[in-house]
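The values are calculated or read from the model by the stated rules, or taken from the named source; none is laboratory data. Here the structure is a predicted model, which is why all the values come from computation and not from measurement. A quick note on method: Cβ atoms are made from the backbone with ideal geometry, for glycine too, and the neighbour counts reach across all protein chains shown. All accessible areas refer to the heavy atoms of the entire protein, side chains included, with ligands and DNA or RNA removed. Shrake-Rupley method; radii C 1.70, N 1.55, O 1.52, S 1.80 Å.
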Amino acid sequence: MSWQTILGNRSCECDLPGAELEPFPYLSGYGLVLRVTRLTSIEPRQIFSTLGIRMHQTLDVLTVTRRETASRARLETALDLQGTPLLHFWSEEAWSPLRTQRVFTRQEYPVRNCPLCARFGYHCMLFQLPSIDHCPWHGCSLSAKCTKCRQPTYGRFDAGGYLGRCECGHDSMDDRASVRMWDFPTDTANAWLTSYLTWANTERESRHLVVPMGVPCGEWDAGFAALAQPPRQMMNRRSKIDIEVQVFEDDDAEPPERAFWGWCLLGTGSRPVTYTSLPRTVLKPLTDTTRVTVASLLPQDASDAVSGAAIPGLASDRTDFFLEPYCEGMEGSIWLNLAAVDSRILQICGSLVDVVASHIADISSSESDRSWQAKQSAAIDTISGRTRLGAALEALLIRGYAQGLEAVLRRLLSQPWPANHKWSRPVIEVSGGAGQLRAIRVAWQSSDPPRVRPLPTAPEPQTPPSPRRERRLRRNTKPPRKAR
Ligand SMILES: [Zn+2]
Ligand SMILES: [Zn+2]
């Protein structure tokens, strides 16, 4: 759909200055409010009656226009936008090549601008995607900070009712540039955005994003950028991305039925899982991990006695110490204690299983009287390429155990993290559909490790009070004399 087709459905044209959409393809809701409020020079108290947006300093225009809100509905009416699909392009989801389960709406983000586009008050939701780091037609780096004072640029009105002006006084919009609209490279931008959207819409049919729940964008944006890069020939500059991406797409033999039953215990619910039944094959790499992690934290010449004394119960022949108690599970599986595994990686394993069961398999066709886990497991058993899911889950579990175990050992040994030590956080892409799992890609973004909490110290033994102090205490606790 071209920009002209999108605008062609408008019932009538709004004649407010700044509301001309033709020269500004796929202008965001923020960009539109910015241009109208600046070019009509309306008073702050008129903003609500003119645009339906309440002007107060905590309201973020980017946030209220990116999803369905009452403010957005009033703005749509005020600017005669009913009947156009324009509002669809006011969210990051419309631009992402991966289905995002609306993760971008979870928090407020600063506005990312191209300095040359910003002079016209032009902003497109494409610029909010972490995978796009420079303007496709100007080549300038996108920035979410004021070019003068480096403060984040949020889409909020200032005390004078201005949008797009930083507290330091720097104004990203140039009112003279924005009225000379013929300077904006409309045709180039339109052609580029239209072909990008064609690519992203096709990709989104079979690619799904999995990010950790409840984690701010700063902890998964670089992983998203690595996964969601547009084709190289589309961008006029290469993005600087230095992130490890593991790809699981091998054609190994499919695991037997019910192999994913234990993994399904990790999904959907929010209850913390300590024990689960996993394929026996994971035990060896996990016990190897214990050996390597313990050896890296204890001195080279540490004997069994040293490790046993430092970590009661652990000796070099007890590498399964942190994983038991276990017992045999169904069909070659084994019950493991996952308490030492990095909880965030364990949680994303659950989210990965959920996404595969609902978007690659058809969980709704599973028998309705079974538990959710049994339904998920049965649905995954119908997928071809599920061996890739098994390989990805094992790789996630092993790294999650290595990180979590190191945190546990550092706490027991009272060893802080070395300076600049980083943890890896997974951001995952699942591709496929209609019962076929094509590939799983895991981008490992680095982040700060959690703080090592000191062990609680034993309470000091109480010494009995001296006879003098005891007499004073008794005197102070005497009942008051009765009044006569
Ligand atoms: Zn630009
Ligand atoms: Zn500033």
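Residue ranking by accessible heavy-atom surface, 1.4 Å probe, largest first, among 125, 330 comes out as 330, 125.
Over the chain, Cα pairs under 8 Å with separation of 6+ residues give a relative contact order of 15 percent. Given their separation in residues at 0.36 nm each and the Cα-Cα distance between them, residue 48 and residue 74 gain 8.4 nm when the chain is fully extended. Of the trypsin sites (Lys or Arg not before Pro) found in segment 90-134, those that fall in a DSSP loop while having at most 14 other beta-carbon atoms within 10 Å are 102.
Taking all protein chains into account, the per residue accessible area for the chain stands at 50 Å² (1.4 Å probe). Near residue 133, no amide H atom lies under 5 Å from its own; only residues 5 or more places off or on other chains count, and H is placed 1.01 Å from N. Checked against a 26 Å cut-off, the cross-linked pairs 375/422; 145/240; 148/240 give Cα-Cα distances beyond that limit for 375/422. When 39, 286, 455 are compared by accessible area at a 1.4 angstrom probe, the order from most to least is 455, 39, 286.
Between residue 275 and 338, the built amide H atoms are under 5 Å apart, and every one of these is 5 or more places off in sequence or on another chain.
Across all directions, the average projected area of the convex hull around the alpha carbons of segment 201-255 is 6.3 nm².
At q = 0.06, 0.12 Å⁻¹, what is the log10 ratio I(q)/I(0) for the chain, with the Debye formula run over Cα points and no solvent? Those come out to -0.40, -1.07, one per q. A straight chain from residue 337 to residue 320 at 0.36 nm per residue would run longer than the Cα-Cα distance by 5.1 nm. Ordering 249-259, 127-137 by mean Cβ neighbour count within 10 Å, with the highest value first, yields 127-137, 249-259.
Compute the convex hull volume of the Cα atoms of segment 3-193, divide it by the residue count, and report the result per residue in Å³ as a whole number.
Taking the convex hull of the Cα positions in segment 3-193, it is 116 Å³ per residue.
Extension gain for residue 175 to residue 191 (0.36 nm times residue separation, less C-alpha to C-alpha distance): 3.2 nm. With R₀ fixed at 35 Å, the C-beta to C-beta distance from residue 362 to residue 198 puts the FRET efficiency at about 0.80.
At the residue level, residue 234 shows approximately 40 square angstrom of accessible surface with a 1.4 angstrom probe and all protein chains present. Working note: Cα gyration tensor of segment 132-209, eigenvalues times five, square-rooted, sorted largest first, giving semi-axes of 30, 19, 12 Å. Rounded, prolate or oblate: which one fits segment 93-242, using the alpha carbon gyration tensor with axes a ≥ b ≥ c (rounded when a/c is under 1.5, else prolate when a/b beats b/c, else oblate)? Since a/c reaches 1.5 but b/c is at least a/b, the shape of segment 93-242 is classed as oblate.
Where does the chain land at 222 nm, in deg cm²/dmol rounded to the nearest 500, when only DSSP H runs of n ≥ 4 count, each adding -39500 (n - 2.57), divided by all residues?
After summing the helix terms and dividing by the residues of the chain, the value is -9500 deg cm²/dmol.
State the percent of C-alpha pairs, over all pairs in segment 244-447, separated by a distance greater than 23 angstrom. Value for segment 244-447: 47 percent of Cα pairs lie more than 23 Å apart. Taking Lys and Arg as +1 and Asp and Glu as -1, the other residues whose beta-carbon sits under 10 Å from that of residue 257 total -2.
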